[in-house]
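Scroll down for the structure; my scribbles are underneath it.
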Amino acid sequence: TLLFLAILSACTVWQWMGTGEIYLLFLTRPVSQLGHGLLHTLSKETVLNFYQNMTLLNTMDRILYESQRQGRISFYMTNYGEEGTHVGSAAALDPNDLVFGQYREAGVLMYRGFPLDLFMAQCYANADDLGKGRQMPVHYGSRDLNFVTISSPLATQLPQAAGAAYAMKRENLNRAVICYFGEGAASEGDAHAGLNFSATLECPLIFFCRNNGYAISTPTSEQYRGDGIAARGPGYGMLSIRVDGNDVFAVYNATKEARRRAVAENQPFLIEAMTYRIGHHSTSDDSSAYRSVDEVNYWDKQDHPISRLRHYMTARGWWSEDDERSWRKQSRKTVMEAFERAEKRLKPNPELLFTDVYQEMTPNLDKQRESLWRHVQQYKEHYPLDLYDKYQH
């Protein structure tokens, strides 16, 4: 049996040979120069599904970003450049595995089957939103798809994920938890707590760090002095690996093996996926203030995960220019139809402000509710209730 070593080098990947064996490669050149040399056992249909999910996410991002710029929604965060980390990791998981995201993992939810209508409903906070309009945009969640609702504060999901994984271990459920975070969130105290608890309690948990180069405006050169995030794993007694996050197959291979070990051996695993945030941090950010256009263009044109996967498929005769044009047209049409439906839907009923906290309404909430409706009735010209859904008890 090969001992799986904790990997500290930025130039280390593994190959999954389809035989159940793991081969460690200590390389002398950057992973990005390897192209798609990693062997895998994925079918043509699976690879095409990867590509279609990555490009559909990209299309949805572009439309919702422009929607925010036009004042139609209040906020948005794109996933440009990180699509490979989402789809590669999501594909390696079991559907029953529990996902804790940070806020830039929409592709994971999309790969699990979250419909465009619900993405749009959440961003528009309409009556179809599973969160009933209570969250700001991009804070998705789905109980059916085992995706814990996003919360804004950084790194809170790490200790929560450790607790969830410990519970699964105690119940012997043969499930794993995956927890996504950025290299900036790794500087939070909650990151230490989550990593240490999961290691000492031996939890079936995959910590997936998306090292995209920037924590809003803070570059990695100002974020840490050590060898990135993967190097921290051994300090916790945790297996770790660094992979090329722009190679969807490398991400898939790493996550697949991490998931196997997490469940079979009841131990956490740390993955650091090296990628690049091509878009602004959010619609509240202007990244041109702290990085050059040339830098962004390099990653967009030379090392984009979508372009790399498309070149791979084209080289094998799996994808053509006609396929590309047809798919891009079809995917844009699909996104726009969902977008238009979301805009026309009513907003959630204001009564929902007071539900889902207590099983029965408390006296203080009753008073607040009565105060709200007195206010609305007094100034009803400012509250067009015909735009709101009727609440059903």
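The values are calculated or read from the model by the stated rules, or taken from the named source; none is laboratory data. Being a predicted model, the structure only gives us computed values, none of them experimental. In this analysis, Cβ positions are derived from the backbone assuming ideal geometry, glycine residues included, and neighbour counts consider all displayed protein chains. When the accessible area is computed, the model is the full protein with side chains, heavy atoms only, and any ligands, DNA or RNA have been set aside. Shrake-Rupley method; radii C 1.70, N 1.55, O 1.52, S 1.80 Å.
Odds and ends about this structure:
- Considering only residues in segment 155-184 that are part of a loop (DSSP other than H, G, I, E, B) and either touching a Lys or Arg at 6+ places or on another chain (Cβ under 7 Å) or at pLDDT 95 or above (or both), the one that is farthest from Cys209 (Cα to Cα) turns out to be Arg175.
To keep it simple, each residue is scored yes or no on (1) of a type in the set (S, T, N, Q); (2) within 25 Å of Pro137 (Cα to Cα); (3) over 21 Å from the mean Cα position of the chain (by Cα).
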{"site": "Arg277", "(1), (2), (3)": "no, yes, no"}
{"site": "Thr283", "(1), (2), (3)": "yes, yes, no"}
{"site": "Ser287", "(1), (2), (3)": "yes, yes, no"}
{"site": "Val293", "(1), (2), (3)": "no, no, yes"}
{"site": "Trp299", "(1), (2), (3)": "no, no, no"}
{"site": "Gln302", "(1), (2), (3)": "yes, no, yes"}
{"site": "His311", "(1), (2), (3)": "no, no, yes"}
{"site": "Gly317", "(1), (2), (3)": "no, no, yes"}
{"site": "Glu337", "(1), (2), (3)": "no, yes, yes"}
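- Total residues in segment 324-362 satisfying the condition of being over 27 Å from Cys123 (Cα atoms), open to solvent by less than 60 Å² (accessible area, probe 1.4 Å) and either part of a helix (DSSP H, G or I) or at pLDDT below 95 (or both): the figure is 1.
- Residue identified as open to solvent by less than 20 Å² (accessible area, probe 1.4 Å), under 22 Å from Val248 (Cα atoms) and either in contact (Cβ under 8 Å) with a residue 24 or more places away in the chain or touching a helix residue (DSSP H, G or I) at 6+ places or on another chain (Cβ under 8 Å) (or both) among Gly107, Gly113: Gly107
- Residue check: Lys380 meets all listed conditions (1) of a type in the set (D, E, K, R); (2) open to solvent by 40 Å² or more (accessible area, probe 1.4 Å); (3) modelled with pLDDT of 95 or more but one, namely (3).
- The single condition from (1) buried (at least 16 other Cβ atoms within 10 Å of the Cβ); (2) touching a residue at least 24 places away in the same chain (Cβ under 8 Å); (3) under 17 Å from the mean Cα position of the chain (by Cα) that Ser151 fails is (2).
- Residues satisfying the stated conditions in segment 58-102, i.e. small (Gly, Ala, Ser) and open to solvent by 10 Å² or more (accessible area, probe 1.4 Å): Gly71, Ser74, Ala91
- Filter result (acidic (Asp, Glu) and either buried (at least 23 other Cβ atoms within 10 Å of the Cβ) or part of a loop (DSSP other than H, G, I, E, B) (or both)) within segment 185-243: Glu188, Glu202, Asp227
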